[in-house]
1. Could we say that Ser71 is open to solvent by 40 Å² or more (accessible area, probe 1.4 Å), in a helix (DSSP H, G or I) and of a type in the set (Gly, Ala, Ser) here?
2. Count, please, the residues in the stretch 61-95 that happen to be touching a Pro at 6+ places or on another chain (Cβ under 9 Å) and under 14 Å from Leu110 (Cβ atoms).
3. Inspect the stretch 74-86 for any residue being in a helix (DSSP H, G or I), within 19 Å of the chain's Cα centre (by Cα) and crowded, with 16+ Cβ neighbours inside 10 Å and give the result as yes or no.
4. How many of the residues in the stretch 51-68 are of a type outside the set (S, T, N, Q) and assigned to a strand (DSSP E or B)?
5. Say we look at the stretch 102-116 and pick out the residues that are out of contact with any Lys or Arg (no Cβ under 8 Å at 6 or more places or on another chain) and outside any helix (DSSP H, G or I); which of these is farthest from Ile57 (Cα to Cα)?
6. Counting only residues that are of a type in the set (Val, Ile, Thr) and surrounded by fewer than 17 Cβ atoms within 10 Å (Cβ to Cβ), how many does the stretch 101-118 have?
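The values are calculated or read from the model by the stated rules, or taken from the named source; none is laboratory data. Predicted, not measured: the structure shown is a model, and the values here were computed from it. In this analysis, Cβ positions are derived from the backbone assuming ideal geometry, glycine residues included, and neighbour counts consider all displayed protein chains. Accessible surface is based on the protein model in full, side chains and every heavy atom, while ligands, DNA and RNA are left aside. Shrake-Rupley method; radii C 1.70, N 1.55, O 1.52, S 1.80 Å.
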Amino acid sequence: MSHPFLKLVLGMALAFGAGVVAAQPKPPADKAPKVDEKRPATTDKPLGMENAHAMCIGCHGIPGYKTAFPSTYHVPKIAGQQPGYILSALKAYKSGERSHPSMRGIAASLTEETMKELADYYGGGKK
């Protein structure tokens, strides 16, 4: 295959691909999701225990893990903590008394029952 022919085929493919992307219609403005930055961190659907546990081990289950948001610090190990401490910490994050952004968002998605289950799990030797 000669170079000019290859360039022609490649050029046509790129032009056709760009036309397909450009031809996709934008969704109507009234159907776009509304952004409300001042609403409280919450969710209507409770997460299952499996999902809640997965959120915890994503950071707290990695030995020596350090996070870089909002600043670099060592993530504490929660396995073996007192269940009452874990429960009160989660409630404080949910209420905004504690202010770590990631933990506040996670705690906001948890029901009180799920918080109790997590506290019992991590504080009760079931790890």
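1. It is false that Ser71 is open to solvent by 40 Å² or more (accessible area, probe 1.4 Å), in a helix (DSSP H, G or I) and of a type in the set (Gly, Ala, Ser).
2. Total meeting the criteria: 0.
3. no
4. 1
5. Thr111
6. Qualifying residue count for the region: 1.
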